[in-house]
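The values are calculated or read from the model by the stated rules, or taken from the named source; none is laboratory data. Computed from a predicted structure; not experimentally measured. Here the Cβ is made from the backbone with ideal geometry for all residues, glycine too, and neighbour counts use every protein chain on show.
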Amino acid sequence: MKTIGLVGGIASGKSTVAAELAALGATVLDADAAAHQALERPAVKGALVERWGEGILDSSGQVDRNAVARRVFSSATAQNTELEFLEGLLHPLVRRQFESELARLAESRVPAVVIDAPLLLEAGWEDLCDSVIFVDSPAEVRTQRGTSRNWSAADFARREASQMPIEEKRRRATDLIPNRGSREELRQAVGTFWDSTIPRS
């Protein structure tokens, strides 16, 4: 079983690459989904409320992810401390979940597992991976995708600034998949990577 990490700039198309790898037979571990689940753990929720107040809860008492994002990305000066606090809560929980899932999947016949984690390198999770793909997408395309998520240009810039520089991610990856054209071109690039990386059974 091969373990493949995905990195790239914000809105570079990592989840689309993950979907294409899944179509070829990989199992995808989604760090965002795992982090969202972790937010509802009583200990995590309690720590968030203690730090930021009950304003981060919605009307049903669940953690409002948009409210959390506003705390974390509200300004360039605040984001480092608040983001570090949030990641300090969530990253150890997500990593333990992924380690457990990888151990379980190693006993199966799954040819590959994909770790779709925006902060894979920042969290130090590349040691879980045999390969790390950098999804290469132009800045202007990524910015357009960001606006489709209702992010302002300032929101996009703050989120990008909170991550490792693009060129450092590119340097630390073992493979590059371009995402500069059509979905079919991306599918072909993913297929080429798969054929060269995953042993045929």
With respect to GLU101, is the statement that it is touching a strand residue (DSSP E or B) at 6+ places or on another chain (Cβ under 7 Å) and part of a helix (DSSP H, G or I) true?
-> yes
Filtered residue count, segment 139-176, keeping only those that are within 21 Å of ASP127 (Cβ to Cβ) and modelled with pLDDT of 85 or more | 11
Cβ-Cβ below 7 Å, separation at least six or inter-chain, first residue in segment 113-140 and touching a residue at least 40 places away in the same chain (Cβ under 8 Å) and over 19 Å from ALA34 (Cα atoms), second crowded, with 18+ Cβ neighbours inside 10 Å and hydroxyl-bearing (Ser, Thr, Tyr): which pairs?
-> ASP130/THR3; VAL135/SER12; SER137/SER12
If you scan segment 152-171, which residues turn out to be touching a helix residue (DSSP H, G or I) at 6+ places or on another chain (Cβ under 7 Å) and either outside any helix (DSSP H, G or I) or over 21 Å from ARG70 (Cα atoms) (or both)?
-> SER162
Restricted to segment 104-125, and to residues that are in a strand (DSSP E or B) and among the hydrophobic types (A, V, I, L, M, F, W, C), which residue is nearest to ARG51 (Cα to Cα)?
-> ILE115
Return yes or no: is SER196 modelled with pLDDT of 95 or more, part of a helix (DSSP H, G or I) and either of a type in the set (Gly, Ala, Ser) or in contact with an Asp or Glu (Cβ under 8 Å, 6 or more places away or on another chain) (or both)?
-> no
Give segment 1-31 a look and list any residue that's surrounded by 15 or more Cβ atoms within 10 Å (Cβ to Cβ) and part of a helix (DSSP H, G or I), or say none.
-> LYS14, SER15, THR16, VAL17, ALA18, ALA19, GLU20, LEU21, ALA31
State the number of residues belonging to segment 102-120 that are crowded, with 21+ Cβ neighbours inside 10 Å and aliphatic (A, V, I, L, M).
-> 6
Just need a number here: residues in segment 143-181 that are surrounded by 13 or more Cβ atoms within 10 Å (Cβ to Cβ), polar (S, T, N, Q) and within 27 Å of GLU82 (Cα to Cα).
-> 4
From the options GLU50, GLU87, GLU99, GLU40, residue that is surrounded by 17 or more Cβ atoms within 10 Å (Cβ to Cβ) and either of a type outside the set (Val, Ile, Thr) or in contact (Cβ under 8 Å) with a residue 60 or more places away in the chain (or both) = GLU87
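If you scan segment 128-148, which residues turn out to be under 15 Å from ILE177 (Cβ atoms) and in a helix (DSSP H, G or I)?
Once the filter is applied, which keeps residues that are under 15 Å from ILE177 (Cβ atoms) and in a helix (DSSP H, G or I), segment 128-148 yields VAL141, ARG142.
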For residues in segment 134-150 being touching a helix residue (DSSP H, G or I) at 6+ places or on another chain (Cβ under 7 Å) and among the hydrophobic types (A, V, I, L, M, F, W, C), which is nearest to SER12 (Cα to Cα)?
-> VAL135
Under 9 Å between Cβ atoms, at least 6 apart or on separate chains: pull out the pairs that start in segment 14-35 with a residue that is of a type in the set (Asp, Glu) and end on any residue that is buried (at least 18 other Cβ atoms within 10 Å of the Cβ) and part of a helix (DSSP H, G or I).
-> GLU20/LEU186; GLU20/ALA189; GLU20/VAL190; GLU20/TRP194; ASP30/ALA18
Across segment 124-142, which residue is nearest to GLU82 (Cα to Cα) among those that are within 17 Å of the chain's Cα centre (by Cα) and among the small types (Gly, Ala, Ser)?
-> GLY124
